[in-house]
1. Just the accessible area per residue of the chain, please: how many Å² with a 1.4 Å probe?
2. Could you order Asp136, Asp49, Asp85 so the one with the most accessible surface comes first? Probe is 1.4 Å.
3. Given a 1.4 Å probe and the protein chains all in place, what does the accessible area of Leu38 round to, in Å² to the nearest 10?
4. Å³ per residue of the Cα convex hull, for region 96-167?
5. What do you get for Rg/Rh of the chain when both radii come from the Cα atoms and Rh is the Kirkwood radius?
6. Express in nm, to one decimal, how much length is gained between Asn130 and Arg47 on full extension, taking 0.36 nm for each residue of separation and deducting their alpha carbon distance.
7. Taking 0.36 nm per residue of sequence separation and subtracting the Cα-Cα distance, how much length would be gained by fully extending the chain between Asp167 and Ala108, in nm to one decimal?
8. Would you mind telling me which residue in Pro142, Pro70, Pro51 has the biggest mean-square fluctuation in a Gaussian network model of the chain, where springs connect alpha carbons within a distance under 10 angstrom?
Amino acid sequence: MSRCALVAVALTLVVVSPAAAATSWAQPQIKVVTARGLMGGKTASFRPDDPVTAGELADLVAGLTGKAVPVALNPSAPVTISQLDAQLVRALGLLPVARQFTAAIRAAGLDPTGNFGTEVVARLLGLRVNHPASQDTLELGPDNVATRAEAAYSAARILGFSGSEVD
């Protein structure tokens, strides 16, 4: 292969890679969130498949609520879906509701997981997406590391609330 052909291939990879990396199932939500200056504020350099860190989550919650959020001991540590749900439910002032769900399920004789209440509230509010069966590989469980796309999806849902959702 000639030098010119190698240079052309290399340039094509450099030009195509960033655009391909920016494409995500949550692209509309990423645009909403970044337009509000959240999660880096730039759609083109968003990195949707990267893990959300504790520091990024604290910044996101602060941006959504206007209130400072304490950061975990290690702000660069990735957070799980459970931690994402818990922080967002807390930010919305719905931890008491999450605790009521957990208490009710315990009163029924069941033994819920520690994240049961916050996951129920997050799902009822539409903060979690149930991906179509053809995209099951995108489904993340409570203990999986949350992606930036998942966080953007949840944040965009909150930004789109009309006011009655929390009630």
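1. On a per-residue basis, 57 Å².
2. Greatest to least solvent exposure: Asp49, Asp136, Asp85.
3. 20 Å²
4. Hull volume normalised by residue count: 116 Å³.
5. Across the chain, the Cα-based Rg/Rh ratio is 1.08.
6. Working it through step by step, the gained length comes to 27.8 nm.
7. Gain on extension, Asp167 to Ala108, equals 18.8 nm.
8. Looking only at Pro142, Pro70, Pro51, the largest GNM fluctuation is found for Pro70.
The values are calculated or read from the model by the stated rules, or taken from the named source; none is laboratory data. A quick note: this is a predicted structure, and the numbers were derived from the prediction, not measured. Ligands, DNA and RNA are excluded from the accessible area calculation, which covers all protein heavy atoms including side chains. Shrake-Rupley method; radii C 1.70, N 1.55, O 1.52, S 1.80 Å.
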